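Notes for the one structure printed next.
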Amino acid sequence: MKKTLIAGMIAIACTTLATAPTAFAKGNSNAGSNRVANYQGLGIAEGEALLFMREEEKLARDVYITLYQQWKLPAFNNISASEQQHTDRIRQLIQTYGLVDPVVNDAVGAFANGQLASLYAQLLAKGRISALDALQAGALIEETDIADLQKAIAGTTRPDIAAVYENLMKGSRNHLRAFVGLIENQGIAYTAQALPQAEVDAIVNSPRERGNANGGRGQGGGAGMGRGWR
């Protein structure tokens, strides 16, 4: 029963995150002229992707903050700090392009996007089952973040936005390496949850990447944190 429940949560989470950017754009009454008005040549799809990524990065931060409080695993504490930098960098782009920041309440667990609020609850439910399930939830978040960033990069014509997304994706790949490393340190083979297995294997088996969204300074991983967290 527990395995079935966990598998169901993973399927729900993957489906929700995979479809959320489109649903967010269609389901928000402020979309379009009130929310993204082609400021400085920015298109509607590009703007909506920025708004979604702002809260998706916050979701990762919030989940990791909460799971660290329960399991006290250093990786969650360190990676939550990294996710704070990620969501802040997206906020800077939102300000640059004159968009309305969806994060009006920065409290843990508060989201303007109802789908992300629901997903936050689902991920916490999974992560609270055990420390291993918490690491699996973290890996799921990072896989999905990579997939969403890939789509966002393909959907923008702005070099500054693409550069930020590329740097955020470096961080997400490093986070995935860290979570998978901690899972495999327990003698458990990691199975991809949102990306193709071959893509996850290629990421996990490649070296930790340097650079971040704030200008390229690398961060070292702490002891016992797998393959590097930043």
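What are the residues in segment 75-92 that are open to solvent by 10 Å² or more (accessible area, probe 1.4 Å), farther than 19 Å from residue 123 by Cα and touching a residue at least 24 places away in the same chain (Cβ under 8 Å), if any? 85, 89, 91, listed by residue number. Within segment 109-128, the set of residues being surrounded by 16 or more Cβ atoms within 10 Å (Cβ to Cβ) and in a loop (DSSP other than H, G, I, E, B) comprises 111, 112, 113. Checking the stated criteria, residue 110 turns out not to satisfy the condition of being among the aliphatic types (A, V, I, L, M) and touching a residue at least 60 places away in the same chain (Cβ under 8 Å). Restricting attention to segment 42-69, the residues that are closer than 26 Å to residue 160 by Cα, in a helix (DSSP H, G or I), open to solvent by less than 10 Å² (accessible area, probe 1.4 Å) and of a type in the set (A, V, I, L, M, F, W, C) total 6.
The set of residues in segment 157-212 being of a type in the set (S, T, N, Q) and farther than 20 Å from residue 59 by Cβ consists of 157, 185, 186, 191, 197, 205, 206.
Across segment 129-151, the qualifying residues are those that are small (Gly, Ala, Ser) and open to solvent by 10 Å² or more (accessible area, probe 1.4 Å), and the one among them that is farthest from residue 70 (Cα to Cα) is 147. Does residue 72 satisfy being open to solvent by 50 Å² or more (accessible area, probe 1.4 Å), at pLDDT 95 or above and either at positive phi or basic (Lys, Arg) (or both)? Spelling it out, residue 72 is indeed open to solvent by 50 Å² or more (accessible area, probe 1.4 Å), at pLDDT 95 or above and either at positive phi or basic (Lys, Arg) (or both).
Taking segment 129-144 as the range and being in a loop (DSSP other than H, G, I, E, B) and either of a type in the set (Ser, Thr, Tyr) or under 18 Å from residue 171 (Cβ atoms) (or both) as the test, only 130 passes. Contact map, segment 192-211: residues that are within 14 Å of residue 174 (Cα to Cα) paired with residues that are open to solvent by less than 70 Å² (accessible area, probe 1.4 Å) and in a loop (DSSP other than H, G, I, E, B), Cβ distance under 7 Å, separation 6+ or inter-chain. Pairs shown: 200/192; 208/221; 208/228; 210/218; 211/218. Given the condition β-branched (Val, Ile, Thr), in a loop (DSSP other than H, G, I, E, B) and modelled with pLDDT of 95 or more, answer yes or no: does some residue in segment 193-202 qualify? Among the residues of segment 193-202, not one is β-branched (Val, Ile, Thr), in a loop (DSSP other than H, G, I, E, B) and modelled with pLDDT of 95 or more, which makes the answer no.
The values are calculated or read from the model by the stated rules, or taken from the named source; none is laboratory data. Everything quoted here is computed from the prediction, not taken from an experiment. Note: ideal-geometry Cβ built from the backbone for every residue, glycine included; neighbour counts use all protein chains shown. Each accessible area value is taken on the protein alone, full model and side chains, heavy atoms only, with ligands, DNA and RNA left out. Shrake-Rupley method; radii C 1.70, N 1.55, O 1.52, S 1.80 Å.
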